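The block underneath contains the structure these notes are about, expressed in structure tokens.
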2 protein chains.
Amino acid sequence: MKYKILNTDNIIKYLKSIENIKKYFGEDNLIAKEIGDGNLNFVFLVLSCDDSSKALIVKQAVPYIRCLGEEYLLKKERMTYEIRSLRIFGTISPDFITKLYFTCESMSVLVMQYLDNHTILRGSMIDKIKYNKFSDHISTYLSKVLFHTSSLYLSSEQKNELQDKFNGNNEMCKLTEDYVFTFAFMQHPSNDTANIKNNPLANKIFDDTKFKEKVLQLKYIFMNSTDCLLHGDLHTGSIMLNTNETYIIDSEFAFVGPFGFDIGALLANLTSAYIHHTIVSKDEEYKKWILKTIYDILTMFKNKFLQLWQQTKDSALITDGFVDNTTLKNYKNSFIQNIIRQSVGFAGCEMIRRIFGAAGVDEIRGIKDKNSKDKAEILVFDIGRKFVIEYNDINSPEDIISTITKCESLTKNIT
Amino acid sequence: MKYKILNTDNIIKYLKSIENIKKYFGEDNLIAKEIGDGNLNFVFLVLSCDDSSKALIVKQAVPYIRCLGEEYLLKKERMTYEIRSLRIFGTISPDFITKLYFTCESMSVLVMQYLDNHTILRGSMIDKIKYNKFSDHISTYLSKVLFHTSSLYLSSEQKNELQDKFNGNNEMCKLTEDYVFTFAFMQHPSNDTANIKNNPLANKIFDDTKFKEKVLQLKYIFMNSTDCLLHGDLHTGSIMLNTNETYIIDSEFAFVGPFGFDIGALLANLTSAYIHHTIVSKDEEYKKWILKTIYDILTMFKNKFLQLWQQTKDSALITDGFVDNTTLKNYKNSFIQNIIRQSVGFAGCEMIRRIFGAAGVDEIRGIKDKNSKDKAEILVFDIGRKFVIEYNDINSPEDIISTITKCESLTKNIT
């Protein structure tokens, strides 16, 4: 179908022309509301007027960045990669991906399950809600997806097909290269200039050559590794959940890249939530829950990933019989340790870029009291910087937790 | 044009239908001889009967492995990647790539300059010929091609386009994964079974877990890095030269992969030539020339690569102004050191797989005297194994030379 932009006037007619959607809603009368508060796309909630239990989400990409306006061009084909990645994630790990009712690459549109009693993790963490199944869910999702899209599981041919499907998503990768690894660490018009002016932290970052050398290493890894299929933007705003369910959404940044990138984004944003509560709510119990969540996610990820590997005898990398089990075990352990290290490095970049870069996070940039915000930023800086500078020596979930708490006590002593 | 297999009967008519070839030969009468001794493809020499100065080479891929027969399927599209890579290499480094007169991806055919007074480097090194411009030529070729096809030079978009062009060559990459990194190090029917039987070295290799763990690391790097465009099979049989000119041929394995792979293949084959003369000719002067050649290639590669980098202010990786010059210099030096290390690891795999794997090299497998061949294989094994096991600590051309000569003296003392 030829591309046209959907709106509340034409969307019902469009949906009624789609067999699978007709099957879902039957002959019901429908209404559509635009509910998107996302930066990039249009999102509609479509409801049945006759049966309040029926509702779907329609998401469409437009050929520009929605929140900036039509002159900020961004190819609508990003939706192609969201569609493709959701199909793959959903096949590998169906519990954590919304049900898809319809997708169309040429219309850059997808129609999916409406999550009506789930909240965005970022907000719920500011509100101190504990989701106790989250660590188990997200570690299952990460271990399954990362493992099953890598050459530790796929054949060479399958891996190659996967790369072919996502190689075209370079425009979104370029955004990450610029906004996660570059602009936020130098003078750049896209930065949060109000915050940079007269801010000693800004000069510290911009002149921190030791930090920047490591950032270049990590950016290089981001650009030149093809380990597995990634979500590409797995912060706490890309996760919707409730007590029993967890869903991963918004995967338009999906690409084949380094193992540690999604874990790193998650680690960064959980750590930012921890810092928020260190400075703002000072709720020691909730802070403890966050640290435990970080620890559990990483430990469970490690174990689940190794378990999946244990069940796989033949892959693009390892031919059955090539090497004895003890050697293989050593190899796998050092492999997973590298993933942890790399995640820590990526997490550090993601944390620090959120201080001065174009896109902040609510739990830090949203702190209203100037003094508290400054303190929070110092702690983000200290932990993030340590993550980046020492990522090659931070080898385990234990190391990560102790890096966070050590920085916290040092900062407490100074301020 | 629809694909058809060329032979000495139909090739002249085919060539006469091509504008550019007609322009070259005019109305001359032509004859064609099949001259290919390659493993994969058909190669014809086409000569003018009227003007002996006019001759061209026609190379065509068939949908099977020529030397094994029609039942050994191998997609003829490998020629597509040879054509594409030669065009890119020829643009970046024209002095070392044969002139192309015609290429056709659908016919899997290319017509190129005939190298009438050049020899294959492998044979000329067995014959102890010194080509004194070779180090300078090949280091120029390698530094230019590797640098200019990497994200140290290209923009993200250009790099992505490049990957798109070569991602499809996975069938050839799979051959490398199997034959360079896997089968030769385990019991496998494709191996040189006559040589394996009752050979203590074979058991040593097959049981060498320390070696295999490193091989897995290197194979993983081979499969999951997208540093730059590589020739993919740069052994001494892929180089034709004379006193003044050097040409790189046969790039059907071209792919976007790790920086060290081509340098490693070259290092491996030069070292094998050194071992040949250590055991067979014992010509100390020629041996010295080989070591000097290895040293010069690596040193010049390093310097030329850094010089090209020095001239590049903006690339996918580095935004001008991101970091000060001193930091950048450190970063670049450690970057190039990593390339050297990686090359050493790849060289070790390539050397050892040539002992027992399907494809041997003349300078080792071709040694007639059984006793000498055994001795040569021991030295290949010792140096290759050290290259693989210690690649992360072999940091410089000096380290490489001393690794070779130390292994040589140790083996001399034992045998």
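General observations
- Residue-level check: of (1) open to solvent by less than 70 Å² (accessible area, probe 1.4 Å); (2) within 15 Å of A:VAL62 (Cα to Cα), A:LYS2 misses just (1).
- Screening the stretch A:152-262 for strands (runs of 3 or more DSSP E) wholly inside it with 3 or more residues that are within 14 Å of chain B (Cβ to nearest Cβ) and not β-branched (Val, Ile, Thr) returns the ranges A:228-230.
- Residue in the stretch A:129-145 that is under 30 Å from A:GLN311 (Cα atoms), open to solvent by less than 20 Å² (accessible area, probe 1.4 Å) and more than 18 Å from the chain's Cα centre (by Cα) present: no
- Residues that are touching a Ser or Thr at 6+ places or on another chain (Cβ under 6 Å) and not in a helix (DSSP H, G or I) were ranked within the stretch A:94-110; the one that is nearest to A:ASP262 (Cα to Cα) is A:LEU110.
- Of all residues in the stretch A:127-144, none satisfies being more than 10 Å from chain B (Cβ to nearest Cβ), modelled with pLDDT under 95 and within 30 Å of A:GLU285 (Cα to Cα).
- Hits in the stretch A:37-56 - residues which are surrounded by fewer than 17 Cβ atoms within 10 Å (Cβ to Cβ) and in a loop (DSSP other than H, G, I, E, B): A:ASP37, A:GLY38, A:ASN39, A:CYS49, A:ASP50, A:ASP51, A:SER52, A:SER53, A:LYS54
- Verdict on A:LYS59 being part of a strand (DSSP E or B) and under 31 Å from the mean Cα position of the chain (by Cα): yes
- The one condition in (1) under 15 Å from B:GLU252 (Cα atoms); (2) crowded, with 20+ Cβ neighbours inside 10 Å that B:SER124 fails to fulfil: (1)
- Given (1) in contact (Cβ under 8 Å) with a residue 24 or more places away in the chain; (2) within 20 Å of A:TYR247 (Cα to Cα), index of the condition A:GLU34 fails: (2)
- Count of the stretch A:13-31 residues, restricted to those that are open to solvent by 20 Å² or more (accessible area, probe 1.4 Å), outside any helix (DSSP H, G or I) and either of a type in the set (A, V, I, L, M, F, W, C) or in contact with a helix residue (DSSP H, G or I) (Cβ under 8 Å, 6 or more places away or on another chain) (or both), is 2.
- Taken over the stretch B:62-93, the criterion of being of a type in the set (Asp, Glu) and either touching a residue at least 12 places away in the same chain (Cβ under 8 Å) or in a helix (DSSP H, G or I) (or both) is satisfied by B:GLU77, B:GLU82.
- Qualifying residue in the stretch A:84-99 (condition: aliphatic (A, V, I, L, M), within 20 Å of the chain's Cα centre (by Cα) and open to solvent by 30 Å² or more (accessible area, probe 1.4 Å)): yes
- Scope the stretch A:161-219; condition over 22 Å from the mean Cα position of the chain (by Cα), open to solvent by 30 Å² or more (accessible area, probe 1.4 Å) and of a type in the set (Lys, Arg); matching residues: A:LYS197, A:LYS204, A:LYS210
- Close pairs (6 angstrom Cβ cut-off, 6 or more residues apart or separate chains): touching a residue at least 40 places away in the same chain (Cβ under 8 Å) and assigned by TED's automatic domain parsing to the domain that holds B:THR246 in the stretch B:266-278, outside any helix (DSSP H, G or I) and open to solvent by 10 Å² or more (accessible area, probe 1.4 Å) anywhere: B:ASN269/B:HIS235; B:HIS277/B:ASP283
The values are calculated or read from the model by the stated rules, or taken from the named source; none is laboratory data. A quick note: this is a predicted structure, and the numbers were derived from the prediction, not measured. Every residue, glycine among them, receives a Cβ derived from its backbone with ideal geometry; neighbour counts consider all protein chains shown. Protein only, heavy atoms only, side chains kept; ligands, DNA and RNA dropped before computing areas. Shrake-Rupley method; radii C 1.70, N 1.55, O 1.52, S 1.80 Å.
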